[in-house]
Every structure is written in structure tokens, then in C-alpha cells.
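Q: Can you keep this structure in mind? I'll have questions shortly.
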Amino acid sequence: MANITTIQKNKLLRKLRNINILNEKDILNLKVYDLKKIKDNDKLTLNDIEIIWLMQDAIEKKSLLDFFTDQS
């Protein structure tokens with residue numbers, strides 16, 4: 001797994017907010033169909049998908065703060 005920067009994580013959060021994914025529950029319930037709503041100018045990357053998986057894992061482990069402070 002590549003090192004994921006805080007900037008990359010924040011960019012992804014902005015993309016998710018733009019499609020009304022606003023909290024941990026929304027992230028956990030995220031479906032591929034939801035990702036289709038991301039506009040072309042935001043372009044979802046494979047790296048974004050990896051970050052979503054890691055974020056979901058961190059939420060399930062109750063370690064989201066560690067994920068965003070690079071402690072994971």
C-alpha cells in the first residue's frame with residue numbers, strides 16, 4: 001500500500017461531501033452507485049477507492065482519528 005497523504009484524504013472527503021456523504025455512517029454505507037454521482041471534474045481514482053476502504057476499516061475499528069492523524 002502506498003503512503004497516503006493528509007492532502008489526498010482531505011481531497012477525497014471534499015469529493016464525498018459534494019455527493020452528500022457527510023458522516024461515518026454514510027461512509028460505511030457507501031455503494032459503488034453513490035460513487036457514480038461524483039462529477040467528472042472531481043474524477044475518482046483507484047487511490048480514492050483504496051482510501052475509502054481504509055477509512056471504512058478505521059471506522060469499524062473505531063480508529064478514525066488515528067487514520068486522519070497518520071497514526072494508522
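Q: Using the Kirkwood radius over Cα pairs, work out the Stokes-Einstein diffusion coefficient for segment 17-58 at 20 °C and 1.002 mPa s, in µm²/s as a whole number. Walk me through the intermediate numbers first.
A: Details: Rh = 10.7 Å.
Diffusion coefficient, whole number: 200 µm²/s.
Q: Turning to a different aspect of this structure: Please report the Cα spread of the chain along all three principal axes, rounded to whole Å, starting with the longest.
A: Here the Cα extents, ordered largest to smallest, are 32, 24, 17 Å.
Q: Okay, moving on. Relative to the longest principal Cα axis of the chain, at what angle does helix 46-60 sit, 0 to 90 degrees, rounded to 10?
A: Approximately 50 degrees, to the nearest 10.
Q: Projecting each Cα onto the charge dipole of the chain (Lys/Arg +1, Asp/Glu -1 at the beta carbon, about the Cα centre), which of Asn23, Asn41, Ile51 comes out farthest on the positive side?
A: Checked the options; the winner is Asn41.
Q: Continuing with the same structure: Compute the accessible area per residue over the chain, keeping the other protein chains in place, probe 1.4 Å, unit Å². Please list the in-between numbers first.
A: Values: 5340 Å² over 72 residues.
Result: 74 Å² of accessible area for each residue.
Q: Quick one: with all protein chains in place, what share of the accessible area of the chain is carbon or sulfur, to the nearest percent (1.4 Å probe)? Working shown, then result.
A: On the way: 2800 of 5340 Å².
Percent of accessible area from carbon and sulfur atoms in the chain: 52.
Q: From the phi of every residue in segment 30-35, what ³J(HN,Hα) in whole Hz does the Karplus formula 6.51 cos²θ - 1.76 cosθ + 1.60 yield, where θ is phi - 60° and glycine or proline is x?
A: Values, residue by residue: 4, 10, 4, 4, 4, 5 Hz.
The values are calculated or read from the model by the stated rules, or taken from the named source; none is laboratory data. What you see is a predicted model, and the numbers here were worked out from it, not measured in a lab. As a convention, Cβ positions derive from the backbone with ideal geometry for all residues, glycine included, and neighbour counts pool all protein chains shown. To get the accessible areas, we keep the full protein, side chains included, count just its heavy atoms, and leave off ligands, DNA and RNA. Shrake-Rupley method; radii C 1.70, N 1.55, O 1.52, S 1.80 Å.
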